[in-house]
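Here's the structure we're looking at; comments come further down.
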Ligand code: PAF
């Protein structure tokens, strides 16, 4: 597999491909050898949550492809595309250590050549929660993930449960479009104090970091209240008050939702999820726990 630049080969790093054609060539070789393939799409700035996806992938398939692409289409005009953390050298070291078989790191022109005109939109699931707060976000995610799946043709693709609505959206379009791939969710990896790992956590100041830990605690209490049969809307209001009390000044939502449709949960049985999105300064945090 003549994939590595001389420097990369010397360092024994994970092989990197940057074009769809190169990616297809490698995938074709693996397919001819009858090797199963996993895809782990990321936007880089990797942390233990991403490495858990790689571990889950390696446990299920022979080959693991990780993608790093900071997808401009999923950032709104006032969002943090340019400020999104980037650090390819560190990411390469982490992926090499984790035993990934290939890194696909295309640039924007490779993914969206001039004239690119297609979008994948999932109705319903994107109406609530993050949807209204991030117009166009899930369309950007669905479009890029559809492309990545078509480019790599994996057997299984792995996504973190931290982005729970994203996971449901991806499962939905994969089913709706009859994509021959399993979409697998992997449990959120947390810091010792419960904060969900996220590439955006690096933006938190010391004071914000201290407040951030309360989101998980408040969500656990909300899930407990919902499990105990408290009316979901009243429990949500209490959780929102608790987040404000902890120091979150701007809260996008706190919700108990059906675990699959993401519609507001009526508290009358069926699987549910407690979810929240709130801001600390310029950083938007999201998290969720099962009810
Ligand atoms: O979760 C992410 O990092 C991104 O939304 C994804 C799935 C890689 C698509 O750009």
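Reported count of residues in the range 152-192, each being away from the ligand (no atom under 13 Å from the Cβ) and either within 22 Å of residue 264 (Cβ to Cβ) or not in a strand (DSSP E or B) (or both), is 15.
Of all the listed residues (141, 120), the sole one being assigned to a helix (DSSP H, G or I), under 29 Å from residue 274 (Cβ atoms) and touching a residue at least 40 places away in the same chain (Cβ under 8 Å) is 141. Taking the conditions exactly as written (free of Cβ contacts under 8 Å to residues at least 60 places away in the same chain, at negative phi and more than 13 Å from the ligand (Cβ to nearest atom)), does residue 18 satisfy them or not? In short, no.
Tally time: how many residues in the range 243-290 are closer than 26 Å to residue 173 by Cα and either buried (at least 23 other Cβ atoms within 10 Å of the Cβ) or within 20 Å of the chain's Cα centre (by Cα) (or both)? The total comes to 25.
Restricting 90, 78, 63 to those that are over 23 Å from residue 204 (Cα atoms) and over 16 Å from the mean Cα position of the chain (by Cα) reduces the list to 63.
On the given criteria, is residue 98 modelled with pLDDT of 95 or more and over 22 Å from residue 199 (Cβ atoms)? Considered against the rule, which asks whether it is modelled with pLDDT of 95 or more and over 22 Å from residue 199 (Cβ atoms), residue 98 comes out as no.
Taking (1) touching a strand residue (DSSP E or B) at 6+ places or on another chain (Cβ under 7 Å); (2) within 30 Å of residue 59 (Cα to Cα) in turn, residue 175 satisfies each apart from (1).
Could you please let me know if residue 92 is closer than 18 Å to residue 19 by Cβ and out of contact with any helix residue (DSSP H, G or I) (no Cβ under 7 Å at 6 or more places or on another chain)? Yes: the conditions hold for residue 92.
The values are calculated or read from the model by the stated rules, or taken from the named source; none is laboratory data. Only a predicted model underlies this, so the values are computations on that prediction, with no experimental measurement involved. Glycine also receives a Cβ, built like all others from the backbone with ideal geometry; neighbour counts cover every protein chain displayed.
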